[in-house]
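Colleague: Got a structure for you, questions after.
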Amino acid sequence: MNDDSQQPRQVEVLRELGLSRTEAEVYVACLALGGVGALSSYRVAQEMGRDPANIGKVVNALVHWKAVRVVQDKPRLFVAVPPDEFTSHLVERLRKHGAEAVTLLETFATPAADGVAQALTTPGAVRDRARELLVACRTSVVVMGSPDVLHELGADLEGVAARRGCRVRVLSPEALASAVVEIGHLPIIGQLGSTQGEQWLHLVVDDQAWLTAVVGPAEGAGGPCGWWCRNSTIGRVLGEILETCWRAAVPLLGDTPATDPDISVVTPPQVEVPVVAAPTAPAPAGIHPAFAALEQVSASPQEVSPPAAPPPAPPRPAAASPQPAPTPTPAPAPPQSELWASPMSSEEADRAGFSFLFRHPGKGKKGGDK
């Protein structure tokens, strides 16, 4: 039993509960000998092949653990406590020590660091943190989320909106109604989220605290599913983004309180907008037909409905074939002198000493004659 690889599983479980290896082995031996009645240290030592003196010390430790119970002092006899009772003592012992540790260490605990984003690992943690931020709201809340999340936080949002000086605005892909919460209907945000059953939430409180999360339908999907922070400039930036979305949304505000404490879903009225075709006019002279529609749109900015498609452009008249331009006649080249012809007379060349560079017709004939 001294080899770890040969230890039974019972001993390993007891070690995980806090007992040492020797204490776990002695307790298992006492359980195995429970059929013989009260035990002595000598009897257990014989069964285990150990020193009785050492077994006596271990039994004292097991009495402290409430794993064995002394039934006689002289001679000292004991019995093993049943496993269910013994493990209950262990759990209660750990609970008491844990509570005491929390009390003693609370003086060292510090609040969450301001300006540092912290992870949210489960959908339940996302909802709990969102509710805590809403409780701490002083002036304003802007939230955008999937309909399921908004329904879950509906009572909390209406509770904040009922406070004096607190304004709550909700951006939703579905039309909602509330007596105290301002609702902005923005269908395009319904395209957020790519997984079936995925829920998402963006929350800004007092332009400082923020929370953003994308969670699935199952708890504990693994890894952070959201982040939150308090007293951060990111909260102001995210708040400005949600403000921009709010200005693009259709405001919906109920006149009477909803029967359900949560925000209830209503069907938005369908309004049919007539389409008025813009009158078409022929393109002015000098304007290419492709730009005629642009001129008409710019000339009537008061039209609300989009203009009708412009009529097809009339066929362009066949243009006359261009006449080829006359080819200019080149100017006559200046007369060129005969190759190697001398610009001076032969007598002047002879006197200058350059007669070898020139061809003298007279002298050539004389040379040819010779």
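The values are calculated or read from the model by the stated rules, or taken from the named source; none is laboratory data. Here the structure is a predicted model, which is why all the values come from computation and not from measurement. Ideal geometry is used to build each Cβ from the backbone, glycine not excepted, and the neighbour counts take in all protein chains shown. The accessibility values were calculated without ligands, DNA or RNA, using every heavy atom of the protein model including side chains. Shrake-Rupley method; radii C 1.70, N 1.55, O 1.52, S 1.80 Å.
Colleague: Need pairs with beta-carbon distance below 8 Å; first residue without any contact (Cβ under 8 Å) to a residue 40 or more places away in the chain and within segment 232-249, second polar (S, T, N, Q); sequence gap 6+ or separate chains.
Modeller: Pairs found: Gly235/Gln208; Arg236/Gln208; Leu238/Thr212.
Colleague: Which residues, counting only those in segment 33-46, are at pLDDT 90 or above and open to solvent by 80 Å² or more (accessible area, probe 1.4 Å)?
Modeller: Those that are at pLDDT 90 or above and open to solvent by 80 Å² or more (accessible area, probe 1.4 Å): Tyr42, Arg43, Gln46.
Colleague: Please go through segment 152-173 and give me each residue that is under 22 Å from the mean Cα position of the chain (by Cα) and either over 22 Å from Ile241 (Cβ atoms) or surrounded by fewer than 18 Cβ atoms within 10 Å (Cβ to Cβ) (or both), ordered by number.
Modeller: Selection gives Glu152 alone.
Colleague: Run down Val149, Val204 and say which single residue is of a type in the set (Val, Ile, Thr), crowded, with 20+ Cβ neighbours inside 10 Å and at pLDDT 90 or above.
Modeller: Every option except Val204 fails the conditions.
Colleague: Would you confirm whether or not segment 56-65 contains a residue that is touching a Ser or Thr at 6+ places or on another chain (Cβ under 6 Å), farther than 30 Å from Ile234 by Cβ, modelled with pLDDT of 90 or more and of a type outside the set (A, V, I, L, M)?
Modeller: yes
Colleague: Moving to a separate point now. Pull up segment 38-89, narrow it to residues that are β-branched (Val, Ile, Thr) and free of Cβ contacts under 8 Å to residues at least 40 places away in the same chain, then point me to the one that is farthest from Glu23 (Cα to Cα).
Modeller: Restricting to residues being β-branched (Val, Ile, Thr) and free of Cβ contacts under 8 Å to residues at least 40 places away in the same chain, the top hit is Val71.
Colleague: While we're looking at this one, here's another question. Report every pair of residues separated by at least 6 positions or lying on different chains whose Cβ atoms are under 6 Å apart, first residue within segment 16-34 and part of a loop (DSSP other than H, G, I, E, B), second crowded, with 18+ Cβ neighbours inside 10 Å.
Modeller: Listed pairs, sorted by first residue: Leu33/Leu39.
Colleague: Another question about this same structure. When Ala258 is evaluated against the numbered criteria (1) aliphatic (A, V, I, L, M); (2) surrounded by fewer than 16 Cβ atoms within 10 Å (Cβ to Cβ); (3) modelled with pLDDT under 85, which criterion, by number, is the only one it fails?
Modeller: (2)
Colleague: Here's a follow-up. Take segment 40-99 and flag every residue that is within 19 Å of Val11 (Cβ to Cβ) and aromatic (Phe, Trp, Tyr).
Modeller: Those that are within 19 Å of Val11 (Cβ to Cβ) and aromatic (Phe, Trp, Tyr): Trp65, Phe86.
Colleague: If you don't mind, another one. When you check Arg93 against the structure, is it surrounded by 11 or more Cβ atoms within 10 Å (Cβ to Cβ), in contact with a helix residue (DSSP H, G or I) (Cβ under 8 Å, 6 or more places away or on another chain) and not polar (S, T, N, Q), yes or no?
Modeller: Judged against the criteria, Arg93 is not a match.
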